[in-house]
Amino acid sequence: MLQTFKKLLFLSVILLNSINLISEENPYIFIENNSQKMVMALKDNKSLFEENRDLYESKIKEIFEPMIDFKRVAASVMGKKYYLSATPAQRNAFVEIFKDSLLNTYSETLAQWDDQTITTIFPVMKENFQNLSSIEVQQKLNTGSSSYPISYKLRKNKNNTWSIVNIIVNGVNLGLTFRNQFKALANKNGGDIERTIEGWVSDAGDAGISG
């Protein structure tokens, strides 16, 4: 009996690992699974937004942070000119500042939605993801009163998993928006990267989305 239980337990672990591997290698399942986790986290912790903002944001960040390649995104936001002229320490500092500002903005925006649902648009034809290095995954966000398109651009990592490198919400390209903001702030600071990084505040508004 004990041997049978051990075999079943072993098979269960193998199956769960296989499911996790498939979800990480398939960009559509990767986005779908994490999006639904996000929706559940929002619904389960709605009251926390007013009661304990830090705890609420940590619930969202726990899901959202591992999905994004922040180093790549932050480099894109800085732009080639400023990224190359920045020191490694300045680059790392901006990655952390950008990460916090983006996650704070994102979680605060999500708190405005009450009855949101997210639908991933899966491809009609079966795709072979092994030969792809990048892909866009489309979703529809329903906030209860309106529907909005979301497009995720993903790049494949060395371990065959996927990470988000840009998001377009309702036609607003967040990567481009943040890049323009960084450039404008750098120009205002006379090209001083240190001051630009210290003064960074990400602001993409609500991308035209209302509850």
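The values are calculated or read from the model by the stated rules, or taken from the named source; none is laboratory data. Note that the structure is a prediction, hence the values are computed from the model and not measured. All Cβ positions, even for glycine, are placed from backbone atoms using ideal geometry, and neighbour counts span all protein chains on display.
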Cross-chain or 6+ apart pairs with Cβ under 7 Å, the range 139-155 first and within 15 Å of Leu174 (Cα to Cα) and free of Cβ contacts under 8 Å to residues at least 40 places away in the same chain, then in a strand (DSSP E or B) and hydroxyl-bearing (Ser, Thr, Tyr) | Lys153/Ser134
Being surrounded by 19 or more Cβ atoms within 10 Å (Cβ to Cβ) and either of a type in the set (Val, Ile, Thr) or within 16 Å of the chain's Cα centre (by Cα) (or both) is the filter here, so list the residues in the range 166-194 that pass it.
-> Asn166, Ile167, Ile168, Val169, Leu174, Phe178, Ile193
Give the residues of the range 144-160 that are surrounded by fewer than 16 Cβ atoms within 10 Å (Cβ to Cβ) and over 18 Å from Glu25 (Cα atoms), sorted by residue number.
-> Gly144, Ser145, Ser146, Ser147, Pro149
If we scan the range 79-89, do we find a residue that is surrounded by 13 or more Cβ atoms within 10 Å (Cβ to Cβ) and under 20 Å from Ile168 (Cβ atoms)?
-> yes
Would you confirm whether any residue within the range 15-23 is surrounded by 13 or more Cβ atoms within 10 Å (Cβ to Cβ), closer than 25 Å to Asn142 by Cα and at pLDDT below 80?
-> yes
